[in-house]
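The values are calculated or read from the model by the stated rules, or taken from the named source; none is laboratory data. This is a predicted model, so every value here is computed, not measured. Here the Cβ positions follow ideal geometry from the backbone for every residue, glycine too, while neighbour counts run over all protein chains shown.
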Amino acid sequence: MGHVVVIGSGIAGLISALRAARVHDVTLVTKAELTAGSTAWAQGGIAAAVFADDSPELHTRDTLAAGAGLSDPEAVRLMAREGAARLHDLVALGVEFDTAASDESDTRGPLGWARGLEAAHSVARVLHAGGDATGRIIEHALATALDEARSSGRMLVREHTTAVAIVRGSDERVCAVDVAPSIPRDGAVVTERLDADAVVIATGGNGQLYRHTTNPPVATGDGVILGYAAGAAVVDLEFVQFHPTVLAGGGLVSEAVRGEGAVLLNAAGRRFLTGAGHDPRGELAPRDVVARAIAAQMREQGGAPVLLDATSLGERTLRERFPTIDRLVRSAGYDWTREPVPVTPAAHYAMGGLLTDMSGRTTVPGLFAVGETGSTGVHGANRLASNSLLEALVVGWRAGDLLAADVAPSPLPTPSLSTTQDKRDDEAGAVEVPTVLSEAPGASDALADGATPVAGEYVRDRAWDALGLLRDGVTMGDLARELADAQPADALAARLVPLARLTAEAALARRESRGAHARTDYPATDPRQRWRRAWARRVVASPELLTHDLHSDHREPALAAAVPTREVKI
């Protein structure tokens with residue numbers, strides 16, 4: 001029996017902790033209340049192939065299509081295959097998904113489950129609970145199960161506790177976590193060391209890097225920087241998904257509302273996502289397409305929000321199917337049963353994070369990352385709607401089971417040169433995607449500070465302007481240079497500045513538009529850049545991973561010269 005430290009308390013962290021605690025002692029650390037993370041904010045639901053007209057193969061194809069060529073086919077297939085079993089496991093843990101009426105037999109699935117349709121899904125496969133409270137209900141059920149596990153004596157939960165460093169021993173394995181109270185007493189930060197045989201980072205996403213976001217206040221990308229500081233590779237940080245419909249003034253309006261039939265209107269009250277030049281799926285096109293179309297429409301109308309018209313759904317549907325959103329909209333002073341409501345895009349989900357496999361293993365021995373902190377390759381360049389809870393559930397479950405079987409499993413294998421970047425995957429019709437380990441072209445270490453003080457709120461404004469829906473090299477380059485000389489002036493900046501540095505460099509290095517990464521100076525998708533780019537700290541990474549001679553005949557010379565890389569296969 002060993003000791004596992006889990007950092008974070010969303011669906012991925014809770015599942016990992018519950019599964020590992022069957023064998024090991026587990027300490028779960030979370031920087032706010034147990035249920036304060038992003039999981040409880042998830043409205044739309046959880047996607048899985050559990051209905052008669054669906055299959056894991058169809059779910060796989062939809063996910064790969066949304067991922068814009070960068071999803072890992074095998075990772076996607078694994079998630080799709082295991083999804084149904086994990087949903088039944090959630091039911092066993094107390095989650096009650098909404099059911100369809102008996103006269104709606106065409107929409108009923110196992111246990112009578114109802115289902116919804118969301119963008120880029122070819123069939124309705126999204127299960128929901130409490131109407132639009134799926135995440136909150138899942139979080140509550142898992143927190144209840146965690147309370148029961150605590151009675152066994154193998155589970156310790158420490159709320160309002162922040163992880164400040166991952167410690168590695170002389171054998172390079174993770175051996176401890178340094179933690180501190182989230183709110184320092186008397187202004188003094190007092191750290192405590194928790195010995196650990198393994199560490200699971202499950203701290204959620206990084207939406208607070210941006211001025212406008214759907215994420216809770218705790219989503220500041222802590223886990224990515226913790227892992228990066230410990231030497232773990234990060235990947236795909238340029239891919240940030242912006243949700244198309246956030247109520248003007250704040251508050252997510254789930255894509256499921258559009259799935260039920262709501263439409264988007266311009267300031268004059270006309271639909272603008274139909275007709276020539278637009279995706280034929282209209283309001284249910286992939287999120288990146290809809291979000292950019294809304295941004296373009298807002299520019300045409302002087303920055304005014306667009307309108308979401310859900311009046312056709314009727315008062316009963318809006319109140320019963322979307323009770324959380326109904327309260328949000330009405331509290332903002334709108335009656336959405338009678339009038340359209342103003343909406344704008346906002347930062348929503350990070351496809352990038354710490355590089356992992358489907359069991360959450362990072363490139364550091366003993367260090368795992370699950371949920372939005374990790375990047376398995378499932379989401380590619382653009383996440384398919386409602387796949388986030390499923391991926392977190394599947395990977396968190398597998399991580400916990402791997403730890404239960406072996407508290408000291410091997411890390412993600414050291415990358416090796418790839419000779420198969422064009423290998424075809426006949427089952428999914430996809431191409432195997434190589435991973436490239438790159439040396440950052442700017443600062444040698446994103447944790448090295450300069451001399452100019454910057455505040456966290458200033459960083460959020462600059463990130464929104466330079467790393468938002470539409471990007472260009474000049475604006476991002478200005479930000480990268482500014483960040484290189486930045487000295488965090490407050491606690492928020494200390495969290496965000498390293499993350500902003502890495503994100504800016506990743507976005508600058510990808511000289512194309514793909515999925516959620518859209519550049520006005522490189523508007524086309526470049527098939528020669530169909531690879532995932534990973535980064536690691538030079539000061540802790542193995543030197544041979546960062547200094548190997550470049551072999552790049554599949555890429556343009558200008559890009560190869562700017563970003564020293566070598567192809568690797570995980």
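Summary table below
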quantity	calculated
Verdict on Thr245 being touching a residue at least 12 places away in the same chain (Cβ under 8 Å), assigned to a loop (DSSP other than H, G, I, E, B), among the hydroxyl-bearing types (Ser, Thr, Tyr) and crowded, with 24+ Cβ neighbours inside 10 Å	no
Spans of strands (runs of 3 or more DSSP E) in segment 310-389 with at least 2 residues closer than 24 Å to Ala518 by Cβ and not aliphatic (A, V, I, L, M)	341-350
Residues of segment 192-205 satisfying the condition of being in a loop (DSSP other than H, G, I, E, B) and either touching a helix residue (DSSP H, G or I) at 6+ places or on another chain (Cβ under 6 Å) or among the aromatic types (Phe, Trp, Tyr) (or both)	Ala202, Thr203, Gly204, Gly205
Those residues of segment 308-318 which are of a type in the set (Gly, Ala, Ser) and surrounded by fewer than 18 Cβ atoms within 10 Å (Cβ to Cβ), in sequence order	Ser312, Gly314
Residue pairs meeting the criteria (Cβ under 6 Å; at least 6 apart or on separate chains; first farther than 16 Å from Ala486 by Cβ, in segment 457-475; second modelled with pLDDT of 95 or more and assigned to a helix (DSSP H, G or I))	Arg471/Ala507; Thr475/Ala466
Residue within segment 200-211 that is basic (Lys, Arg) and within 30 Å of Glu512 (Cβ to Cβ) present	yes
In segment 254-278, the residues that are assigned to a helix (DSSP H, G or I) and of a type in the set (A, V, I, L, M, F, W, C)	Ala256, Val257
Test: residue in segment 101-121 that is at pLDDT 95 or above and surrounded by fewer than 16 Cβ atoms within 10 Å (Cβ to Cβ)	no
Out of Glu439, Glu391, Glu432, sole residue that is under 28 Å from Ala285 (Cα atoms) and modelled with pLDDT under 85	Glu432
Some residue of segment 133-148 being buried (at least 24 other Cβ atoms within 10 Å of the Cβ) and in a loop (DSSP other than H, G, I, E, B)	no
Residue count, segment 329-378 (criterion: free of Cβ contacts under 8 Å to residues at least 40 places away in the same chain and surrounded by 24 or more Cβ atoms within 10 Å (Cβ to Cβ))	1
Segment 279-309, subset over 26 Å from the mean Cα position of the chain (by Cα) and part of a strand (DSSP E or B), residue nearest to Asp335 (Cα to Cα)	Asp309
Qualifying residues in segment 460-474 (those that are of a type in the set (Gly, Ala, Ser) and in a helix (DSSP H, G or I)) - the one farthest from Thr245 (Cα to Cα)	Gly473
Residues of segment 394-426 classified as modelled with pLDDT under 95 and surrounded by 24 or more Cβ atoms within 10 Å (Cβ to Cβ), total	0
Any hit, segment 295-307, residues being out of contact with any Pro (no Cβ under 8 Å at 6 or more places or on another chain) and surrounded by 18 or more Cβ atoms within 10 Å (Cβ to Cβ)	yes
Test: residue in segment 214-222 that is in contact with a Leu (Cβ under 6 Å, 6 or more places away or on another chain) and of a type outside the set (A, V, I, L, M, F, W, C)	yes
Residue list for segment 258-277, restricted to those being closer than 23 Å to Ser122 by Cβ and in contact with a helix residue (DSSP H, G or I) (Cβ under 7 Å, 6 or more places away or on another chain)	Arg258, Gly259, Glu260, Gly261, Ala262, Val263, Leu264, Leu273, Thr274
Complete set of residues in segment 188-237 that are buried (at least 23 other Cβ atoms within 10 Å of the Cβ) and of a type in the set (Ser, Thr, Tyr)	Thr203, Tyr210, Thr213, Thr214, Thr220, Tyr228
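Let's see how each residue does on (1) within 27 Å of Pro217 (Cβ to Cβ); (2) part of a loop (DSSP other than H, G, I, E, B); (3) among the acidic types (Asp, Glu):
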position	(1), (2), (3)
Phe51	no, yes, no
Ala75	no, no, no
Ala80	no, no, no
Leu90	yes, no, no
Leu111	no, no, no
